[in-house]
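To start, the structure under review is shown below, and the notes come after it.
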Amino acid sequence: MERRFFITLGSGRYQHLPDAEQLEFVQEDKQAATRLFCDFGYEPALPGLGEYDGAEQIRQKLRHWATDTALTSDDIVVLYFAGHGVTAPGDRHYLFCWDSSPDDLAATALATEDLVRILCNGDLCQLLLVLDTCAGGAGSAEAAALALQRLVYGTPSGSANSGLWFLASARRKDIATDGQFTAALAEAVATTTGRTGQRQQYLDLT
C-alpha cells in the first residue's frame, strides 16, 4: 500500500554566519511547502528537522525515521530543504546546518548526497529532493547521479514504476532568492490546475 511522506529540513539561523547571511523566510517557506504537499495527500514527517540540529544529528534522525517507518518500494518521500548551500571548490555540494562552519564544511555541513544515501538505503525508490538553496543545481546533479546508481544496483525487482526526481531553485552558479521559490511553485501548481479545469492529483515535474 502506497504511503506519501513529506519532510522539511533547514534552518534560517546560522551560528557561524554574520547577520547579513541569516535567512528571514526559511520557516515561512517550510510551512508553505508543507501546506502545498499536504494538499496532495502527503503526511508530514520529522517536524522541525534541522532547525537547531548539526549534520550528524540530522543524519541520525533521518536514518532512525527511515528504519522505523520501514519504507517500501511503494512509498513516496518528498524532502524539501531550505537554507544555505555551497559547492566547495573541487569538492561536494553541502547544505548548511545551524552550526556549520564555512571554514570546515566537511566536518560541520551536510553533504547533499547523504540525504539520498540514507533514504534510499533500503527499499525506497520513489524520492523527490527539492533544494531551495543557492547552488541548488549542483546539489541536484550530484544527488541524482548517486540515486540513479543506487537504482541500477539496488532497486528491488518488480518496482518498474520507480522514479527519483530532483528540483532545484537555483542553477550551479546562481543565487536563490530567499522566500520566493515556494511561492513560485504554488503558483505553478495553481496555473496547471486552472488550465486543466481540475485539481491535479500529482505534481507535474516535466
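Any read-out appearing in this document is the output of simple, stated calculations on the displayed coordinates, not a laboratory observation. Bear in mind the structure is a predicted one, so any value in this text is a computation, not a measurement. Cβ: placed from backbone, ideal geometry, glycine included. Neighbour counts: every protein chain shown.
Over segment 1-91, what is the relative contact order in whole percent, taking alpha-carbon pairs under 8 Å and six or more residues apart?
Computed value for segment 1-91: 52 percent relative contact order.
Provide the packing ranking of 102-110, 115-123, i.e. peptides ordered by the mean count of other C-beta atoms within 10 Å per residue, highest first.
The packing order, highest mean first, is 115-123, 102-110.
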